[in-house]
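Structure record follows, encoded as structure tokens.
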Amino acid sequence: HSGDPDLPAWIETYRPDLIDSQLRLVRNFYRQRGFHQIMVRHDSTTVQEQPPGDILHFTVREGPRTVIDEVRFLGSEPLTPDNLREVLALHEGAPAPAELNSYGKDIYRMRSLYWDRGNLRVRIRPEVEITATPDGSRYVAVVTYHIEPGPTYTCSAISISGNSRTQTSLIPRELTI
């Protein structure tokens with residue numbers, strides 16, 4: 001019971017007014033793991049006197065799971081698809097998240113490969129196409145990354161100034177560019 005004086009203050013109790021937000025968290029959890037059609041519902045609450053507390057009853061229907069069937073890269077030059085595939089967390093056989101924002105970690109990892117090569121303005125846009133399997137038991141996703149590497153930047157000169165205690169000739173040895 002929320003606000004029960006017999007319960008110690010440190011016991012965290014649920015708040016009935018936040019059940020909907022908690023259900024959204026559960027839905028998002030499932031959607032991240034490939035269950036795009038997840039249904040979560042609060043059915044009822046039973047008040048229990050001994051021990052004090054409420055029992056919440058929920059229904060969860062996962063629905064068919066969506067799995068990544070193929071990952072494609074369009075415009076990946078100067079990197080190869082194999083170079084890019086090595087850094088992906090979401091690969092063939094993994095659950096396909098329902099939101100494009102969930103591909104952000106992989107996009108950042110691929111962008112880092114381009115940045116290391118001097119492609120500082122690389123753009124990567126994911127596209128996900130989902131279809132049902134013939135038996136309808138699950139869905140498969142084809143993830144396509146549209147890549148625009150942009151120009152390659154090079155460093156033509158390095159100027160070092162402001163050092164007073166360190167010899168200028170020692171500083172370039174520590175630079176990675």
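The values are calculated or read from the model by the stated rules, or taken from the named source; none is laboratory data. Keep in mind the model is a prediction, meaning the values are calculated, not measured. Ideal geometry is used to build each Cβ from the backbone, glycine not excepted, and the neighbour counts take in all protein chains shown. What goes into the accessible areas is simple: the full protein's heavy atoms, side chains included, and nothing from ligands, DNA or RNA. Shrake-Rupley method; radii C 1.70, N 1.55, O 1.52, S 1.80 Å.
Can you pull out every residue in the stretch 37-62 that is within 22 Å of ALA98 (Cα to Cα) and either open to solvent by less than 40 Å² (accessible area, probe 1.4 Å) or not in a loop (DSSP other than H, G, I, E, B) (or both)? Let's see the steps before the verdict.
Residues of the stretch 37-62 within 22 Å of ALA98 (Cα to Cα): 37-41, 59-62.
Matches in the stretch 37-62: ILE38, MET39, VAL40, ARG41, THR59, VAL60, ARG61.
Of the residues that make up the stretch 103-116, is at least one more than 21 Å from the chain's Cα centre (by Cα) and not in a strand (DSSP E or B)? Yes, the conditions are met somewhere in the stretch 103-116.
Which one is farthest from the chain's Cα centre (by Cα) among residues in the stretch 127-161 that are closer than 30 Å to ILE177 by Cβ and outside any loop (DSSP other than H, G, I, E, B)?
At the first step, the residues of the stretch 127-161 found to be closer than 30 Å to ILE177 by Cβ are 145-161.
Subset that is outside any loop (DSSP other than H, G, I, E, B): 145-148.
Values: TYR145: 15, HIS146: 18, ILE147: 19, GLU148: 21 Å.
Here the answer is GLU148.
The residues of the stretch 35-55 that are aliphatic (A, V, I, L, M) and closer than 14 Å to PRO16 by Cβ, listed by number, are VAL47, ILE55.
Scanning the stretch 138-165 for residues that are open to solvent by 70 Å² or more (accessible area, probe 1.4 Å) and hydroxyl-bearing (Ser, Thr, Tyr) yields THR152, TYR153, THR154, SER156, SER159, SER161, SER164. Out of curiosity, is SER164 closer than 30 Å to ILE68 by Cα and assigned to a loop (DSSP other than H, G, I, E, B)? So SER164 fails the test.
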